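Input: a single structure, listed below in structure tokens.
The values are calculated or read from the model by the stated rules, or taken from the named source; none is laboratory data. Values in this document were obtained by computation on a predicted structure and should not be read as measured data. As a convention, Cβ positions derive from the backbone with ideal geometry for all residues, glycine included, and neighbour counts pool all protein chains shown.
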Amino acid sequence: QPGSTWLRFHWRDLEAISRLTKSNLRAKLRIRSSKAIRPNDEDSPPEYEWLQPGEQVIVFSRRHWVAFLRKMLPAIITFVILFIIFVVADLIPGPQQFLRVIIILLLIVVGLAIAWGTVDYFNDWLVITNRRVVHQEKVLFVNEWRKEAPLEQIQNVNFESNWLGKILNYGTMTIATAATVGTISFDYTRHFSELRSTIMAQREQRRRHTVAESKTAINRMLEARLGMAISAPSRVYHGGPITAPPSGWQKRVADSLNTRLRKEQGNRVIWRKHWLVLIPRLWWPLLIFFVIIALAILPPLSEIMGFAPQESHTVVNALTVVGVIATLIALARVIWVVADWRNDTYEVSDDEIAHVDRVPLGLSEDRMSAGLGRIQNVSMSIPSPIHWLFNFGNVTCQTAAEVGAFVFFAVPDPRAVAQEIQSRMERYRRQDEIESARKRSQELPDWFEMYNRIEQEEGNGRPMPLPTSRS
């Protein structure tokens, strides 16, 4: 800092210098914090693809083992019984070859069920980062949903348990935000006290971070006012963006089909609904279209083949004209449905999310929007195997306003859509905090100036006016 012995570093610059000097400078620093959290290195991929730069996983928690046992106990008992029967089959008189084959098939089926349940247990988790709380529920090849809440929006954390849960230390944890719905609920939670204290500690740390940024803005404003500011870049090292490679053939195929469903226009990202939502709306118009084509072709074809009598030539021509007109009407209906699908878009910018529904030919337009600052939590769902196979689903943004839920319905790659919204929300909050601190800091020099003037007047012996009380 100018005029002092302080040196201000951005943490990414510190990491870059550490790599260049091949020394761990961070370990030599004395950081006054209860838990020193090391930011992500931009050169290495994060633990999860949805983590933002600088975001760290603080706590990772799965359900209590009772949840796994409750779901898998019948299958485990069945497997043990079948295995015992298979072992003692030799003690049963008579040939047992057919019985052994049946038992082996049943053992395979039950074993696959146990393996499925085990994978399902490990796919459900709760993560607390230094920015948000994330809850995921996933059934392999079937469905998936993820719900997130920023730490700043969390109002309270509650816990409920029954008598067995109190003995084995598990229960249901509910994280409430200012939104009327959309709370995060995680049943069979382990170590609730530790999770709650971690959430509250990280929320307090985020609050302190906001206060620190406000003080930094005040410091810079005073330096500029006193002529002590220096011209220095706030960042020296700019790492490249983290782009996770496609994971698996399913995502690569789906991404190749979804490339035209997402576009960027300035600072705005625009998504269309997935093309599969057209099938329920198009199959009936297309069926009518092809039937009318067949009926329109039939009269002239029958005349060419000689099936129609000569005196019916006028009737055949009339039917042909009617068939052509009906075909054009059916084709217009198909084009209308496709155009209406293309005009239904979801958008996110640096300050809001929006749903724009335009009727073709510009007949009408409905636009519903919500500011990023009003969003309390974001959830993502992939509700069925078809959605999973073609990688599309729903993204829900809960707001504290009367609008309630703001749903991006059937958007391609809902994980990326939710991640984009979260990233924009984080940037918006940071800019809003900086702008609020800047506005507050603009008034402080005037306060100090008036304070010095009053202090000088008091030193010169001028009487201070007595405060007047309002009756």
Just a yes or no: is a residue in the range 140-152 free of Cβ contacts under 8 Å to residues at least 40 places away in the same chain, under 27 Å from residue 183 (Cα atoms) and of a type outside the set (Val, Ile, Thr)?
-> yes
Pairs, first over 28 Å from residue 221 (Cβ atoms) and outside the structural domain of residue 218 (by TED's automatic domain parsing) in the range 448-467, second modelled with pLDDT of 70 or more and surrounded by 10 or more Cβ atoms within 10 Å (Cβ to Cβ), C-beta under 8 Å, six or more apart = 464/454; 464/457; 464/458
Of those in the range 106-139 that are touching a Phe, Trp or Tyr at 6+ places or on another chain (Cβ under 7 Å) and aliphatic (A, V, I, L, M), the residue farthest from residue 382 (Cα to Cα) is 107
With respect to residue 326, determine if the residue is in contact with a helix residue (DSSP H, G or I) (Cβ under 7 Å, 6 or more places away or on another chain) and small (Gly, Ala, Ser).
-> yes
Single match in 299, 285 (criterion: surrounded by 17 or more Cβ atoms within 10 Å (Cβ to Cβ), farther than 30 Å from residue 373 by Cβ and modelled with pLDDT of 70 or more) = 285
Condition test on residue 405, is it outside the structural domain of residue 149 (by TED's automatic domain parsing) and touching a helix residue (DSSP H, G or I) at 6+ places or on another chain (Cβ under 7 Å)?
-> no
Residues (β-branched (Val, Ile, Thr) and under 23 Å from the mean Cα position of the chain (by Cα)) located in the range 192-220 = 198, 199
Exactly one of (1) within 28 Å of residue 276 (Cα to Cα); (2) modelled with pLDDT of 85 or more is unmet by residue 428. Its number?
-> (1)
Selection count where residues are over 13 Å from residue 378 (Cα atoms) and of a type in the set (Val, Ile, Thr), scope the range 140-155 | 1
Here the residues within the range 170-180 that are among the polar types (S, T, N, Q), farther than 16 Å from residue 134 by Cβ and modelled with pLDDT of 90 or more are 172
Examine the range 90-99 for a residue that is at pLDDT below 90, under 30 Å from residue 213 (Cβ atoms) and acidic (Asp, Glu), and state whether such a residue exists.
-> no
In this structure, is residue 370 of a type outside the set (Asp, Glu) and modelled with pLDDT of 85 or more?
-> yes
